[in-house]
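First comes the structure, then the notes that go with it.
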Amino acid sequence: MGKPLDAPLGTNTLSVRDNRTGKTYSIPIVDNSISATDFKALSAPRAPSEREENETEKGLRVADKGFLNTAVLRSEITFIDGDAGVLRYRGYPIEQLALHSNHLETAYLLIYGSLPTKSQFQLWHDEIMHHSVIHADAEQFFRSFRYDAHPMAILTSALSYLGSYYSEANPSLQGQNLFTKGDKTSLATMDKQIIRLIGKATTLAAMAYRVRQGREFVTPPTGLSYAGSFLYQMDHLGQENYVPNPVLEKALDVLFLLHADHEMNASSTSVLQVGSSLVDPYSAVAAGCASLYGPLHGGANEAVIRMLISIGKPENVPAFLEAVKKREKVLSGFGHRVYKTSDPRSFIVRKTADEVFKITGKDELLETAMALHDAAMKDNYFISRKLAPNVDFWSGLIYRAMGFPNDFFPVLFAVPRVVGWLAHWRQMMLQTGGVKIWRPRQIYVGAGKRDYVPLEDRVAVEEPKKTPSVVEHSGISKRTTLASFKGQTRAKL
Ligand SMILES: CC(C)(COP(=O)(O)OP(=O)(O)OC[C@H]1O[C@@H](n2cnc3c(N)ncnc32)[C@H](O)[C@@H]1OP(=O)(O)O)[C@@H](O)C(=O)NCCC(=O)NCCS
């Protein structure tokens, strides 16, 4: 820091001159990145006109709303080249894995870094399937939800609830270094939770499904694949020797594999943010699930179908696109923070869709989806903004063709993403130098110091965003408002 500007050309440094002070700084560039904390050394005296809350004399801050260009960690798990449309898990191209691997093998790869041998895979598979059973008391938990609860609300709660069974896996009870020690016992404790979470994710999701359908719960079957077991747990109604359709089982497995990880997406970041407090992995994964629920993330596949239903037929596509361009509507399933040409997963999903449609029949929304896709891909608004279909544009159509209700689509995304969340969580627990709590800074632009105003001296603030809205009492019926209480009607109360 504070080194002269004339650092030799060709060195991995960044020369920065702070024009407030005239000082120059040489900032190291490591792996094509600079450290935000290095900029903290750039301090200057605060100008008399400047707000004290800027804390100028304490060093420069790096602002990045929405993490547009901030690398939050070093990772060995997934690589994305958004311009070239490349996605690799631990170096293996997604296309090769989709063709030759399966979800559980890919899960092993993502979490432990290499493809398992035959015996390693067998053990991994058997352990996960063995750990798919959950405590019978959980049935009451699932039955406690309202009849129309969104299955993502159920799944998010269920993941957190699951953690309550494992006090031995709770750093709040067992000591904060439970998962960070890196010794044999600590690794075994960590891996047991990973196996449990992957094994039970399908069980919890299937229970969320069955409770909505008014079905009894089933015990996870033996002898089926991960995706096959999931289908069985949702669909089995007591028939003898029930075996899920192999084409649908394979399609679901490919979709699981494609959704298993996607580097620092919003939900993985949520898992790491929450996990950085060293909370138990069930709570961290539940936080990831909550993040995935949002329509800008895992909820997009559900939003695509709602959008296609609202468009109705191919003839209505031009008017819809005009509304998108006027920013009255959003084209769900298009655009991506990282992919700026194409999402490589979308091609595999499109191919998988054809396999599924061969046996389920084409979805009635497919023609509208094709028309929308083709029109958007030719339209300058989308071309100039590099907006292409993402994985969610097509996946919802497969799920629909397979007979899943719309609001279950994000669950079909969350179940496989448990793998990615845990791969990132495990990597962070074991990273060199230990875990640092994720505690970002802010740029405070609020009121400066002011003194408390006594009630009688206050002037009412009435701007809509700065006062509470008038809320309707939705639980109160007309009859209740007309009834009297202690001799008074509600209107007078
Ligand atoms: C994924 C997404 C959140 C990425 O957001 P982002 O990286 O912050 O990109 P921006 O919102 O800055 O978009 C850049 C421009 O493209 C436009 N844009 C992005 N996605 C768009 C979409 N789906 N439909 C219409 N316009 C879109 C933005 O309005 C913006 O236009 P402007 O520069 O004229 O203001 C965004 O593309 C989106 O909302 N897509 C739809 C939801 C979706 O499919 N999510 C699943 C992701 S896997």
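If you take the residues of the stretch 311-339 that are of a type in the set (G, A, S) and either part of a helix (DSSP H, G or I) or near the ligand (Cβ under 10 Å from one of its atoms) (or both), which of them is surrounded by the fewest Cβ atoms within 10 Å (Cβ to Cβ)?
Initially, the stretch 311-339 is screened for residues of a type in the set (G, A, S), giving 312, 319, 323, 332-333, 335.
Right, trim to either part of a helix (DSSP H, G or I) or near the ligand (Cβ under 10 Å from one of its atoms) (or both) and you get 319, 323, 332-333, 335.
Working: A319: 10, A323: 14, S332: 23, G333: 27, G335: 20.
Ranking the candidates gives A319 first.
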Query - Inter-residue pairs, beta-carbon under 8 Å, first over 14 Å from T70 (Cα atoms) and in the stretch 23-37, second basic (K, R) and assigned to a strand (DSSP E or B), 6+ apart - result: K23/R17; T24/R17; Y25/R17
Report task. Considering only the stretch 106-159, state which residues are touching a helix residue (DSSP H, G or I) at 6+ places or on another chain (Cβ under 6 Å) and either outside the structural domain of L204 (by TED's automatic domain parsing) or farther than 16 Å from V419 by Cα (or both). Result -> I134, F141, F142, F145, H150, P151, M152, I154, A158
Query - the stretch 364-409, residues that are within 13 Å of the ligand (Cβ to nearest atom) and not hydrophobic (A, V, I, L, M, F, W, C) - result: H373, D379, N380, Y381, S384, R385, K386, P389, N390, D392, S395, G396
Requested in this report: Tell me which of these Y339 doesn't satisfy, since it passes every other one: (1) more than 22 Å from V254 (Cα to Cα); (2) in contact with a strand residue (DSSP E or B) (Cβ under 8 Å, 6 or more places away or on another chain).
Outcome: (1)
Report task. State yes or no: is G238 within 19 Å of M207 (Cα to Cα) and at pLDDT below 95? Result -> yes
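Each row is one residue, and each column tells you yes or no for (1) on the phi > 0 side of the Ramachandran plot; (2) among the hydroxyl-bearing types (S, T, Y).
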{"residue": "P45", "(1), (2)": "no, no"}
{"residue": "E52", "(1), (2)": "no, no"}
{"residue": "L60", "(1), (2)": "no, no"}
{"residue": "R74", "(1), (2)": "no, no"}
{"residue": "T78", "(1), (2)": "no, yes"}
{"residue": "R90", "(1), (2)": "yes, no"}
{"residue": "L109", "(1), (2)": "no, no"}
{"residue": "Q122", "(1), (2)": "no, no"}
Query raised in the report: If we scan the stretch 270-284, do we find a residue that is surrounded by 21 or more Cβ atoms within 10 Å (Cβ to Cβ), under 17 Å from the mean Cα position of the chain (by Cα) and near the ligand (Cβ under 9 Å from one of its atoms)?
Result: no
Report task. Check whether at least one residue in the stretch 294-305 is modelled with pLDDT of 95 or more and either away from the ligand (no atom under 16 Å from the Cβ) or closer than 24 Å to D374 by Cβ (or both), and report yes or no. Result -> no
Report task. Among the residues of the stretch 30-49, write down those that are exposed (fewer than 14 other Cβ atoms within 10 Å of the Cβ) and under 26 Å from P8 (Cβ atoms). Result -> V30, D31, N32, S33, S35, T37
Query raised in the report: Pick from the stretch 50-71 the residues that are in contact with a helix residue (DSSP H, G or I) (Cβ under 9 Å, 6 or more places away or on another chain) and in contact (Cβ under 8 Å) with a residue 12 or more places away in the chain: which of them is surrounded by the fewest Cβ atoms within 10 Å (Cβ to Cβ)?
Result: K58
Requested in this report: Name every residue in the stretch 34-66 that is more than 16 Å from the ligand (Cβ to nearest atom), assigned to a loop (DSSP other than H, G, I, E, B) and of a type outside the set (G, A, S), in order of residue number.
Outcome: I34, L42, P45, R46, P48, E50, R51, E55, L60, R61, V62
Query raised in the report: Does the stretch 235-265 hold any residues that are among the hydrophobic types (A, V, I, L, M, F, W, C) and crowded, with 19+ Cβ neighbours inside 10 Å, and which are they?
Result: L248, A251, L252, V254, L255, F256, L257, L258, A260, M264
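The values are calculated or read from the model by the stated rules, or taken from the named source; none is laboratory data. Keep in mind the model is a prediction, meaning the values are calculated, not measured. Please note: Cβ atoms are built from the backbone with ideal geometry, for glycine as well, and neighbour counts cover all protein chains shown.
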